Amino acid sequence: MIQEGKYRRIVVKVGSNVLTREDGRPDTTRISALVDQLARLHRAGIETILVSSGAVASGRSLLEPCTGRIDTVSARQLYSAVGQVRLMTRYYDLFHEYGIACGQVLTTRESLSTRRQYLNQRNCMEAMLTAGVIPIVNENDTISVTELMFTDNDELSGLVAAMMGADALLILSNVDGIYDGSPSDPASRIIRRVAPGEDLSPYIDATRSSRGRGGMTSKNRIASRVAGEGIEVVIANGRRDNILTELVLGDGEVICTRFEPSARPASGLKKWIASSEGFAKGALRLDAGAVEAIRRSQAASILAVGVTQVEGDFERDDIVRILSPEGMPLGVGRIACDSATARRNLGRKGLRPLIHCDYLYLE
């Protein structure tokens, strides 16, 4: 349970299966109920950022009969262009009834690929929150193509929660949380609490929903990572009446899965690095001694003497992956030199770190 007064700022992610009906059309009643709850949190002084799906569904419900000859990517861009207007108009009208302003924030993976762009977007949303405006965030599907898209809005919401220093990320799906068996099995039970570093993958059904891009595998992966960055994560059923207000303001036990935050929150810079794995330009493969050193101490840096192989081509300050001797991912970091220099210095002692510990994020 999330207790009143415990949180100053939260991110709420609402999936397509919450905001659409069985026929794939927008569920106006559910959207209205969501805004009612967000308005109540706003009045309680809780800064709230909404990561909302539903734009593509809104556009599809208007245009699908007319798009039979358009390829899949173009159709998605078209649905999004029309649906964003429709969805934001609905949000604007509903929030306006409460005297609350909302604003649209569209982003792409590429627009967050550098520290400067990341900070520019964060500053924009900070200004909105300071002015009492509720940011409504979504991926800009009108210009995103497959290789540049976020995996889903779960990934986007995790990045936003880290970027904005949120106290909690609430992921609203069409199920009550993560079960210890198949959700269709009456004997299955909701896993109520997940300790930092606990592995739930044996319980996860990899099936994706019919309308959303994500699934419980994605939610579990993102929740584990965000909790590891010191942010509490809750997965709950967005179709339950008053679920948000009960989670945030209620004093009773709510059915959900809660990922407990790490006791050692990551710094703002490390949160950006952690969320930048998708922008990695190359990789450093370490020897066994280097792996032991960085796992033993949080202050350990990546030194050239412990690197056995440099993969890919990159420039100074690019993000690179850190790999074990067997090629297993260990984390990501911001490299202090280009790939040519890194290859030239392989195995050498007495040099400055290739990746300083301040710019290294380990999974």
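Could you count how many residues in region 154-168 are open to solvent by 20 Å² or more (accessible area, probe 1.4 Å) and either assigned to a loop (DSSP other than H, G, I, E, B) or touching a strand residue (DSSP E or B) at 6+ places or on another chain (Cβ under 6 Å) (or both)?
The first filter runs over region 154-168 and keeps only residues open to solvent by 20 Å² or more (accessible area, probe 1.4 Å), leaving 155, 165, 167.
Narrowing the set further to residues that are either assigned to a loop (DSSP other than H, G, I, E, B) or touching a strand residue (DSSP E or B) at 6+ places or on another chain (Cβ under 6 Å) (or both) leaves 165, 167.
Total satisfying the criteria: 2.
If we keep just the residues of region 36-81 that are at pLDDT 90 or above and in a helix (DSSP H, G or I), which is most open to solvent (accessible area, probe 1.4 Å)?
Among residues in region 36-81 that are at pLDDT 90 or above and in a helix (DSSP H, G or I), the one most open to solvent (accessible area, probe 1.4 Å) is Arg43.
Taking interchain pairs and intrachain pairs at least six residues apart, which have beta carbon atoms under 9 angstrom, with the first residue in region 266-279 and closer than 18 Å to Asn153 by Cβ and open to solvent by 20 Å² or more (accessible area, probe 1.4 Å) and the second of a type in the set (Gly, Ala, Ser) and outside any helix (DSSP H, G or I)?
That search, which allows pairs on different chains as well, returns Glu277/Gly331; Gly278/Ser113.
Every residue in region 341-361 that is open to solvent by 60 Å² or more (accessible area, probe 1.4 Å) and more than 10 Å from Ala304 (Cα to Cα), please.
Correct list: His356, Asp358, Tyr359.
Name the residues in region 238-265 that are acidic (Asp, Glu) and either without any contact (Cβ under 8 Å) to a residue 24 or more places away in the chain or touching a strand residue (DSSP E or B) at 6+ places or on another chain (Cβ under 7 Å) (or both), would you? Step through it out loud before you land on a result.
The first filter runs over region 238-265 and keeps only residues acidic (Asp, Glu), leaving 241, 246, 251, 253, 260.
The answer is Glu246, Glu260.
Could you count how many residues in region 233-246 are of a type in the set (A, V, I, L, M, F, W, C) and under 11 Å from Gln37 (Cα atoms)?
So the first thing to find is which residues in region 233-246 are of a type in the set (A, V, I, L, M, F, W, C), and the list is 233-236, 243-244.
Filter once more, keeping what is under 11 Å from Gln37 (Cα atoms): 243-244.
Qualifying residue count, region 233-246: 2.
Please go through region 255-265 and pick out each residue that is of a type outside the set (A, V, I, L, M), open to solvent by 20 Å² or more (accessible area, probe 1.4 Å) and modelled with pLDDT of 90 or more.
Selection gives Arg258, Glu260, Pro261.
Can you give me the number of residues within region 324-339 that are touching a residue at least 24 places away in the same chain (Cβ under 8 Å), open to solvent by 20 Å² or more (accessible area, probe 1.4 Å) and more than 12 Å from Tyr361 (Cα to Cα)?
3
Scan region 169-195 for residues that are over 13 Å from Thr257 (Cα atoms) and in contact with a strand residue (DSSP E or B) (Cβ under 6 Å, 6 or more places away or on another chain) and jot them down.
Ser188
Tell me, which residue of region 22-35 that is within 15 Å of Gly83 (Cβ to Cβ) and modelled with pLDDT of 85 or more is most open to solvent (accessible area, probe 1.4 Å)?
The first filter runs over region 22-35 and keeps only residues within 15 Å of Gly83 (Cβ to Cβ), leaving 24-28, 31.
Next cut, modelled with pLDDT of 85 or more only: 27-28, 31.
Values: Asp27: 25, Thr28: 70, Ile31: 2 Å².
That would be Thr28.
Would you be able to tell me the number of residues in region 105-120 that are within 26 Å of Leu87 (Cβ to Cβ), surrounded by fewer than 17 Cβ atoms within 10 Å (Cβ to Cβ) and modelled with pLDDT of 85 or more?
Residues meeting the conditions: 1.
The values are calculated or read from the model by the stated rules, or taken from the named source; none is laboratory data. Given the structure is predicted, the values throughout are model-derived calculations rather than measurements. Note: ideal-geometry Cβ built from the backbone for every residue, glycine included; neighbour counts use all protein chains shown. With ligands, DNA and RNA removed, areas are computed over all heavy atoms of the protein, side chains included. Shrake-Rupley method; radii C 1.70, N 1.55, O 1.52, S 1.80 Å.
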